[in-house]
Every structure is written in structure tokens, then in C-alpha cells.
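The values are calculated or read from the model by the stated rules, or taken from the named source; none is laboratory data. Remember, predicted model here, so these are calculated numbers, not experimental data. All Cβ positions, glycine included, derive from the backbone under ideal geometry; neighbour counts span all protein chains shown. With ligands, DNA and RNA removed, areas are computed over all heavy atoms of the protein, side chains included. Shrake-Rupley method; radii C 1.70, N 1.55, O 1.52, S 1.80 Å.
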Amino acid sequence: MRADGKAKKVMTFGEIMLRLSPPGHERLQQTSELRMSFGGGEANVATSLALLGHEAGFCTKLPTNDLGDAAIQQLRRFGVDTSAIARGGPRIGVYFLETGASQRPSKVVYDRAGSSIATIDPDEIDPERVLDGIGWFHFTGITPSLGAGPAEATRRLAAAAKRRGIAVTCDLNFRAKLWTPDEARAAMRPLMEHVDVCICNEEDADRCLGAAAKASDVERGQLDREGYAALSTALIEEFSFETVAITLRESISASRNLWSAVIAQRDQQDPYFSSKYDIQIVDRVGGGDSFAAGLIASLIDGRDAADALEFAVAASCLKHSIPGDLNLVTREEVEKLLESGGTGRVER
């Protein structure tokens, strides 16, 4: 997807949740303290885009109480337009996060059933109003997994965006705690007709679309480049995407990952593989969202596929060093990482 030379405001749609985390690497069973923040896939993307200098809005439904107000205040603090947020419903979704270390993985416990967005009536979201003045629309596979209402609202927004010539991005974001692969494929495959740019990892592509990369074992840090190249081009052919970007996370341990990605475009002869970063992880939650935001920002800016991918991977690399869901970095910081080659030297 290429930019047309005009600035494009991005609208995202999904759930923002209250995040409660023990300090450091403590477990839920031992902690006497929980730290409060807010995050969620599409809200993370909107926030990151705003910090990268793009206009961004977020659409959801939040309860009319102090927690709903606090979530909105966080979004506004970082420059996200919240005018499309509906108010009402019973509660905000909550998730608890234990941050892993070494061979102990991070652990998420959801308490989001019956949240305001999960119980939304699709008629509460007016696609024409939400998409007015918008040049790019982004959603993830998390939202349709929340229930029939969010799924239908997502479909209406994506279809309306496609009709209006608005670029549409989908990060497949399969969540095994929310639905099964069969449920995901039944919901996600029909949505792909509205999507221009598909973002995923190897699990997402398999669980949501029934497409798998061959001969790779990411848990053991083994990637077959030809398999991922073939997967990206196959997705373009089957679903008529303009662009496919696949993130490649090689897990050495919960504390150390190798991070890179591959991108393919319809008008591009061969897929392009990014530089690879060896990451010592502070917090990996939101890593994929920061990648999506970096890619969207770069494509809007008119970068070619290779440059867009390098920017997205670098932005996401930096997110892994920041506690919380949000990628609190600027465009200048990402550019400095690209220029430095990933050395992480002290700025003086």
C-alpha cells in the first residue's frame, strides 16, 4: 500500500483494558502490590502512531466511570483522538501480567468477560461518522474474538473503509485464550476481503487463515527463510493483499529473543527480510503492536517496502525495552537506532 502524498489520519478499533502487574518479576501468588496501567492492541497502535507524529484516533466502548475516564485520559495524554469512543456498558476488561525471566515465560490472566466492548451492539458504532476524515483503518483479530457484537462492528467498519477507498490493515493476533482455530478461521477469513495490509506471525497465519510456514521451529530459534518467503507470497495470492508482513520471533529464552521480519508486496519481485536484533527483554507485551504502528507510519510516509520494514522492526525492538503496553519512543529515536546499527550506546 503506497501513500498518495497526503497526510492520512489513522483510526483503530478494539478494546483497551486495565493492566495490573506485580513489580519486577514477582509472581501473582507472592506479590502484595499491583501496578495499574492501560493497554490493548489497537489502542497501543494508535498511541504509537501519535508519538511517531501521525494523526491517530481510537474507537471503542468504555464504561461511564472513573476507570473508563482514566483510560481515555491516558490516550489523550499521548495525542490520540478519543472522540469516536462510545460510553456505557458494565465494565472495563482487565488483564493481569506476570513478567517472565530466563526459562519462565510471561503469563497473562484475563478478566475481560462481559466488558463494555464485548457486549457492544454494532449499531452503537456508526462507520460513516467514525471513518469521516480517515485515510487508514486498523483492526486486529482480537476484537472479533470478543463476541458477535464486536465481530459485526469490525466487519461493518472494515467494509465501509474498503468502500471509501481507505487503506485497511489487519494484525491477525490470534489469542488461544479467546477462541479456537476453527472459530478464528470462520470469522477472520471472510474479513480478509476488506484488508490491504496483513500483519501476522507464523501462529497467526496458521490459526486464523489456515496457512503455515514450512520447516521452522521458532521455539528453538530455527527459521526457514524460504518457508516464510513462500508463506508471504501465498497469502498475497490467496487473499489479494497488497502487502504482507510477518514478524519473526526466535525464542532463546523468556528474557532473550531474536527479532526480525519479512515483507512481501504484490508489485515486488521477492520478499525482503529485515535486519535481526538480539533483544534482552524488559516487556514484550505490545511488541507486535509497535511493529504494526511502525509499518503503517512508514507506508503512509511513502517509504518503500524494505525501508518500511526496517523502521517497523527497529521501533518494535525499542518497545521491548519499555515496561507497559505502550511504545513510548519518538521517530527520532527509531531513526537513531537504524543509524547506529543497534549498538545501544549511551547518548551524551
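Among the residues making up the range 287-324, those that are open to solvent by 10 Å² or more (accessible area, probe 1.4 Å) and within 23 Å of residue 252 (Cα to Cα) are 288, 289, 310, 317, 318, 321, 322, 323, 324. Annotation note: of 207, 189, 185, the sole residue that is among the basic types (Lys, Arg), surrounded by fewer than 16 Cβ atoms within 10 Å (Cβ to Cβ) and either without any contact (Cβ under 8 Å) to a residue 60 or more places away in the chain or part of a helix (DSSP H, G or I) (or both) is 189.
I need the full set of residues from the range 131-144 which are surrounded by 24 or more Cβ atoms within 10 Å (Cβ to Cβ) and closer than 17 Å to residue 176 by Cβ, in order please. Within the range 131-144, 140, 141, 143, 144 meet the criteria.
The condition (being in a loop (DSSP other than H, G, I, E, B), farther than 18 Å from residue 174 by Cα and open to solvent by less than 30 Å² (accessible area, probe 1.4 Å)) is satisfied by just one residue among 84, 118: 84. Sub-9 Å Cβ pairs linking a first residue in the range 68-79 that is part of a loop (DSSP other than H, G, I, E, B) to a second residue that is open to solvent by less than 10 Å² (accessible area, probe 1.4 Å) and among the β-branched types (Val, Ile, Thr), at least 6 apart or interchain, are 78/47; 79/47, ordered by first then second residue. Of 64, 60, all but one fail to be touching an Asp or Glu at 6+ places or on another chain (Cβ under 7 Å) and more than 30 Å from residue 102 (Cα to Cα); the exception is 60. In the range 40-59, the residues that are assigned to a helix (DSSP H, G or I) form Cβ pairs under 7 Å with partners that are among the acidic types (Asp, Glu), at six or more places apart or across chains, as follows: 41/171; 41/289; 44/289; 44/325; 45/289; 48/289.
Number of residues in the range 227-252 that are closer than 26 Å to residue 319 by Cβ and either touching a Gly at 6+ places or on another chain (Cβ under 9 Å) or of a type in the set (Phe, Trp, Tyr) (or both) equals 7.
For the range 145-168, a residue qualifies if it is open to solvent by 30 Å² or more (accessible area, probe 1.4 Å), assigned to a loop (DSSP other than H, G, I, E, B) and in contact (Cβ under 8 Å) with a residue 12 or more places away in the chain, and exactly one does: 164. Could you figure out which of (1) over 27 Å from residue 38 (Cα atoms); (2) modelled with pLDDT under 95; (3) open to solvent by less than 10 Å² (accessible area, probe 1.4 Å) isn't true of residue 257? Failing condition for residue 257: (1). Screening residue 339 against (1) closer than 17 Å to residue 44 by Cβ; (2) open to solvent by 10 Å² or more (accessible area, probe 1.4 Å) leaves a single unmet condition, (1).
Going by the conditions given, is residue 30 in contact with a Pro (Cβ under 8 Å, 6 or more places away or on another chain) and open to solvent by 30 Å² or more (accessible area, probe 1.4 Å)? Considered against the rule, which asks whether it is in contact with a Pro (Cβ under 8 Å, 6 or more places away or on another chain) and open to solvent by 30 Å² or more (accessible area, probe 1.4 Å), residue 30 comes out as yes.
Checked against (1) assigned to a helix (DSSP H, G or I); (2) buried (at least 17 other Cβ atoms within 10 Å of the Cβ); (3) at pLDDT below 95, residue 226 passes all but condition (2).
Checked against the criterion of being aliphatic (A, V, I, L, M), without any contact (Cβ under 8 Å) to a residue 40 or more places away in the chain and not in a loop (DSSP other than H, G, I, E, B), the candidates 234, 292, 245, 306 yield just one match: 234.
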